[in-house]
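This report concerns only the one structure given below.
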Amino acid sequence: MSTDRRFPKGFFWGAGTSSHQVEGYTRNDWTSWEKQTAQERAQESAARFSHIPQWSRLKKEASDPQNYISNAACDHYHRFEEDFDIARSLHHNAHRFSIEWSRIEPQEGMFSETEIEHYRQVLCALKQRGITPFVTLWHFTLPVWLANEGGISSHRFPSCFKQYSEKIAQTLGKEIPFWITLNEPDVYASYAYRKGEWPPQKKDIFSYLRVIRNLIEAHKKSYAIIKRLVPDAQIGIAKHQVAFEMACDTSINRILKAVAHYLWNRWFLDRIRNHQDFIGLNHYNRNVIDNGLGKNPNERVTDFGWEFYPESIYQALIELKPYKKPIYITENGLADASDTLRQEFIPRALTAIHKAITDGADVRGYLHWSLLDNSELARGFYLRFGLVEIDYATKKRTVRQSALDYAQVCKNNALTM
Ligand code: BGC
C-alpha cells in the first residue's frame, strides 16, 4: 500500500534567508555592535552551551570572537544568482529573503536607487528561475540613523517604517506577490528590550511594551500603504509560535498553559487580525510546562541546545486555525552541522504538517530555514541552519544530503515514505 502524502495543488516549497545573516557587508545597527561584543559573546559561549553533547565539536569555533562578526557572511549579495541556481536545482518554487533597510535608506529620506536596483535584480533572478518571492521588509536590522534616534522604541518608528514600505511598494511592488512586513516582532522585542541580549541590549519593561506597540502600529501603516499601492499584494507577518504543552494535567498547568499561549502566541496576532491576508508561521520549539518550570524531555538536542522534536509544528498549525487565514510556514529548521538530525527532521516535520492539513489547517507553503548556513543572530557562524553548507573561507557552497532528500518532496509535491 502506498503511503505517499500528497500536498495541496500549487503548494509553495522552498527556503528562506535574511539580509544581514547572508548578504555580507551590511552597515546597520548590528554591524558595529557585533564587533564591540564579539569577545564577550565568545567568552560566554561555554557557560551557555557546554552542557550539550555536541560541545566538543563546536567549542573551537564558538570560542573564537571572529565567529561573531558577520563581515562578508555568505557574500550572498554578490552570489545570489549562484544561490538561486542551487534553489532551482533543488526544485524550490518559492524563496523568502529580506530587503536590507539600511541599504535602501542609508540616511533618513535619502533612498538609494542603486540598492533598489540591486533588489530588482534579485527579484528578476528569482522570476527567471520560476521561483515565487516572499519578501520580508524588516528582519531585525535598522539603519544606523534610526537606531541612533531610539530605533523601534522611538515614537517616529511607525511613520519611518511606513515611508520605507511605501518606497519599496512604489519601486518594486509589482514584482512582489507576498509581503512579510515584520519578522518575529515579539522575539525581537524580548531579546532586544527585555532580556538585553540583542542590540540595543535594554532590560526595561516599559521600553519593551512601547516597542511592541510601535511594531503593531508600524505593521498596520505598512499594510495599508502597500495595499493602496499594490492592491493584489498578499501581506502578513512572520510570527514565532511556541507549542505549549503540559507535563501533566493539573489545574495550575492548565492555567499556565493558557496564559503562556495567550501572551506569546495570540496577543500580537489578535491586534493585527484585520490587517493581514495570511499568517507566516515561524516555528522551532515546544515548551513543556510543569508548575511554572520548563520540562522538555530534551532526549536529543540540536547544536543550539534546542529540543529535537519536529512534531511540535502540528500543534502550532492547529492553534492558528481560528484565524481563518491561509498559513505559509515561513521558518522551520534546526542548527545541525552534522546534517544527520536535519535528514530526520524534515520528513518528520512534513508528516506533521500533512496531518495538520488533513485536520483542517489551511497550509499553503513550507519555507525551510535556511537555504544557506548563515550568521546566526548574536551567535555567529558556528550554528549551521543551512540546506546548503558554506565554507566561509572560500565561500564554496555544498548541498547537504537533507537538501537532496527535501528536493524530492518539492519535485513530487508529496512525501514518499
Ligand atoms: C529568526 C532567524 C534565525 C532563526 C534561528 C528566527 O528566530 O527569524 O533569523 O536565524 O530563528 O534562530
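Across Thr351, Thr136, Thr330, mean-square fluctuation computed from a Gaussian network of the chain (C-alpha pairs under 10 Å connected) peaks at Thr351.
3J(HN,Hα) couplings calculated from phi for region 148-165 with the Karplus curve 6.51 cos²θ - 1.76 cosθ + 1.60 (θ = phi - 60°) are, in sequence order, 5, 8, x, x, 6, 7, 6, 5, 7, 3, x, 6, 5, 5, 5, 4, 5, 4 Hz; Gly and Pro show x.
Here the Karplus curve 6.51 cos²θ - 1.76 cosθ + 1.60, taken at θ = phi - 60°, turns the phi angles of region 199-205 into couplings of x, x, 6, 9, 10, 8, 4 Hz, with x standing for Gly and Pro. Alpha carbon centre of region 315-365 versus region 15-30: separation in Å? About 25 Å separates the Cα centre of region 315-365 from the one of region 15-30.
Looking only at the chain, where both bridge partners belong to it, what percent of the DSSP beta bridges are antiparallel (to the nearest 5)?
In the chain, DSSP labels about 25 percent of beta bridges as antiparallel.
Less than 5 angstrom separates the built amide H of Val288 from those of Glu245, Lys295, Asn296, all sequence-distant by 5 or more or on a different chain.
The GluC sites (Glu not before Pro) found in region 51-155 that occupy coil by DSSP, while having at most 16 further C-beta atoms within 10 Å, are Glu108, Glu149. DSSP beta bridges confined to region 298-417 are antiparallel in about 60 percent of cases.
Among the trypsin sites (Lys or Arg not before Pro) in region 323-395, those placed in a DSSP loop whose Cβ has at most 16 other Cβ atoms within 10 Å are Lys324, Lys395. A helix-only calculation puts the chain at -13000 deg cm²/dmol for mean residue ellipticity at 222 nm, using -39500 (n - 2.57) for each DSSP H run of at least four residues, averaged over all residues.
With a ≥ b ≥ c taken as the square roots of the eigenvalues of the C-alpha gyration tensor of region 38-124, please select rounded if a/c is under 1.5 and otherwise prolate if a/b is larger than b/c or oblate if it is not? Oblate shape, in that a/c is at least 1.5 and b/c is the bigger or equal ratio. Expressed as a whole percent, the accessible surface of the chain that belongs to carbon and sulfur atoms is 51, based on a 1.4 Å probe. Pairs from the table (Lys9/Lys325; Lys195/Lys221; Lys220/Lys324; Lys257/Lys325; Lys227/Lys325) lying more than 21 angstrom apart at Cα are Lys195/Lys221; Lys257/Lys325. Database remark: amide H of Phe134 closer than 5 angstrom to the amide H of His95, Arg96, Phe97 (H placed geometrically; neighbours at sequence offset of 5 or more, or on other chains; Pro and chain starts carry no H). Taking Pro133, Pro297, Pro200 as the candidate residues, the one with maximal mean-square fluctuation in a Gaussian network model of the chain, Cα springs under 10 Å, is Pro297. Report the Cα centroid-to-centroid distance between region 229-253 and region 186-225 in angstrom, as an integer. Each part reduced to its Cα centre gives a spacing of 17 Å.
The values are calculated or read from the model by the stated rules, or taken from the named source; none is laboratory data. Small disclaimer: the values here were computed from a predicted structure and weren't measured. Positions of Cβ are generated from backbone atoms using ideal geometry, with glycine treated the same way; all protein chains shown enter the neighbour counts. Please note that ligands, DNA and RNA were not included when accessible areas were found on the heavy atoms of the full protein model with its side chains. Shrake-Rupley method; radii C 1.70, N 1.55, O 1.52, S 1.80 Å.
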